[in-house]
Amino acid sequence: MKTPIRKGKVYLMGAGPGNPELLTVRAMQILKSAEVVLHDHLVPQEILDLIPAWTQVRNVGKRCGQAGISQDQIHALLIAAAREGKQVVRLKGGDPLLFGRVGEEMETLARAGVEFEVIPGVTSAMGAAAAAKIPLTDRRYASKLIFLSHHTAGNVSPEWDDVVLRDATYAVYMPGKNYSAIATKLMEGGLDAATPCAIVANATQADQQIHRTTLQELALEERLPAPSLLIIGEVARPLPPPQEEKDDFGWETPAKTTEVVLDLGETRKEEEIIG
Ligand SMILES: C[S@@+](CC[C@H](N)C(=O)[O-])C[C@H]1O[C@@H](n2cnc3c(N)ncnc32)[C@H](O)[C@@H]1O
């Protein structure tokens, strides 16, 4: 009797913004049984440490200014490993479908007849917004959220003439060295110079940094280390400080809140929880 041929599969997986606790449960399960992992440069060591020692792991990322492995070589590695019947993870920072070359990878895998699946991840804009406590679409200020790249990727240079919209929040990926170019483009498009901005570097990681400023002052801001991301819009205004009231003796006390008694309903029965 012939041994059945093992079918290989590629997982195009998001590693999230860096904190290993933000990996999805599914990503974690697949990583634990992967035979080959090809990862981007942005995936931190804490996440790579979760991969079993017997897995073949290779950094195929492009460091700033250094030519890494070519995109065609990445395609060839993915196809070769899958055709050997292996479970292959293509691990990318954030979410795999945003600002990467996953489109080219999916087309190549589809053409080669290789089975693949996309495993979503927490994109860095969400990690940065959570870190800086920014309510991206607070109904009082924003009804739209725009993800932009300030990097010229391939042949498509970023066109910003049409992006300035009212009631919008902007999440600018790959802001580069020149924050003032971004500020100028948005102000020329009609955005108010006083619009709040947050620069978040290494969001969700131990060395995370958050700076708050305005569009006008953005050019003067010290450049934070990569990877960093800008969130621009009224929603990026700092939260109010705790309100203090003075008691009868002049001491400051926390503001009193109206006491509300909430009916939370009955505790769930054991059978309901077990399902
Ligand atoms: C090539 S893009 C990839 C984006 C990724 N697919 C995602 O969903 O976040 C890389 C850019 O993502 C942003 N980025 C990634 N990780 C980040 C982090 N932990 N903190 C801030 N920005 C981050 C930076 O703007 C960086 O230049």
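The values are calculated or read from the model by the stated rules, or taken from the named source; none is laboratory data. Quantities reported herein were computed from a predicted structural model and do not represent experimental measurements. In this analysis, Cβ positions are derived from the backbone assuming ideal geometry, glycine residues included, and neighbour counts consider all displayed protein chains.
Going by the structure shown, is ALA76 at pLDDT below 95, among the aliphatic types (A, V, I, L, M) and over 19 Å from the mean Cα position of the chain (by Cα)? Steps first, answer last, please.
Details: at pLDDT below 95: no; among the aliphatic types (A, V, I, L, M): yes; over 19 Å from the mean Cα position of the chain (by Cα): yes.
The answer is no for ALA76.
For the range 128-138, which positions are in contact with a Leu (Cβ under 7 Å, 6 or more places away or on another chain) and over 13 Å from GLY233 (Cα atoms)? Spell out the reasoning first.
Within the range 128-138, the first condition is being in contact with a Leu (Cβ under 7 Å, 6 or more places away or on another chain), and the residues that meet it are 128-129, 133, 136-137.
Within the range 128-138, ALA128, LYS133 qualify.
Looking at the range 195-218, I want the residues that are within 16 Å of THR169 (Cβ to Cβ) and have a partner that is charged (D, E, K, R) and more than 14 Å from the ligand (Cβ to nearest atom) with Cβ atoms under 7 Å, at least 6 apart or on another chain. Which pairs are those?
Hits for this filter: THR195/GLU234; PRO196/ARG212; PRO196/GLU234; PRO196/ARG237; ALA198/ARG212; ILE199/GLU221; THR213/GLU221.
Inside the range 96-115, can you point out the residues that are β-branched (Val, Ile, Thr) and assigned to a helix (DSSP H, G or I)?
Narrowing the range 96-115 to residues β-branched (Val, Ile, Thr): 102, 108, 114.
The answer is VAL102, THR108.
Check whether at least one residue in the range 116-130 is of a type in the set (Ser, Thr, Tyr), in a loop (DSSP other than H, G, I, E, B), closer than 22 Å to ALA203 by Cα and within 16 Å of the ligand (Cβ to nearest atom), and report yes or no. If you could, list the steps in order and put the result at the bottom.
The initial filter retains those residues of the range 116-130 that are of a type in the set (Ser, Thr, Tyr), namely 123-124.
Add one more test, that the residue is in a loop (DSSP other than H, G, I, E, B), and what stays is 123.
From the residues that got through so far, the ones that are closer than 22 Å to ALA203 by Cα too are 123.
Still in the list and also within 16 Å of the ligand (Cβ to nearest atom): 123.
Yes - at least one qualifying residue is present in the range 116-130.
Picking from VAL102, VAL60, VAL88, which residue would you name as being farther than 21 Å from TYR173 by Cα, at pLDDT 95 or above and within 25 Å of the chain's Cα centre (by Cα)? Step through it out loud before you land on a result.
Numbers: VAL102 fails: farther than 21 Å from TYR173 by Cα; VAL60 fails: farther than 21 Å from TYR173 by Cα.
After ruling out the rest, the residue left standing is VAL88.
Do we have any residue at all in the range 122-130 that's among the hydroxyl-bearing types (Ser, Thr, Tyr) and either within 18 Å of LEU91 (Cα to Cα) or exposed (fewer than 14 other Cβ atoms within 10 Å of the Cβ) (or both)? Working first, answer last.
Residues of the range 122-130 that are among the hydroxyl-bearing types (Ser, Thr, Tyr), as a first pass: 123-124.
Add one more test, that the residue is either within 18 Å of LEU91 (Cα to Cα) or exposed (fewer than 14 other Cβ atoms within 10 Å of the Cβ) (or both), and what stays is 123-124.
Scanning the range 122-130, I find at least one residue that is among the hydroxyl-bearing types (Ser, Thr, Tyr) and either within 18 Å of LEU91 (Cα to Cα) or exposed (fewer than 14 other Cβ atoms within 10 Å of the Cβ) (or both), so the answer is yes.
Quick one: what pairs do we get from the range 93-115, first residue among the hydroxyl-bearing types (Ser, Thr, Tyr), second at pLDDT 95 or above and surrounded by 14 or more Cβ atoms within 10 Å (Cβ to Cβ), C-beta under 7 Å, 6+ apart or different chains?
Close Cβ pairs (under 7 Å, with a partner that is at pLDDT 95 or above and surrounded by 14 or more Cβ atoms within 10 Å (Cβ to Cβ)) amount to THR108/HIS75.
For GLU46, are the conditions met, namely being of a type in the set (D, E, K, R), in contact with a helix residue (DSSP H, G or I) (Cβ under 6 Å, 6 or more places away or on another chain) and in contact (Cβ under 8 Å) with a residue 24 or more places away in the chain? Quick ask: steps written out before the conclusion?
Details: of a type in the set (D, E, K, R): yes; in contact with a helix residue (DSSP H, G or I) (Cβ under 6 Å, 6 or more places away or on another chain): yes; in contact (Cβ under 8 Å) with a residue 24 or more places away in the chain: yes.
Answer is yes for this residue.
Which strands (runs of 3 or more DSSP E) sit wholly inside the range 182-275 and have at least 2 residues that are more than 16 Å from the ligand (Cβ to nearest atom) and modelled with pLDDT under 95?
Numbers: elements: 196-201, 209-214, 228-232, 244-246, 252-254.
The qualifying strands (runs of 3 or more DSSP E) are 244-246, 252-254.
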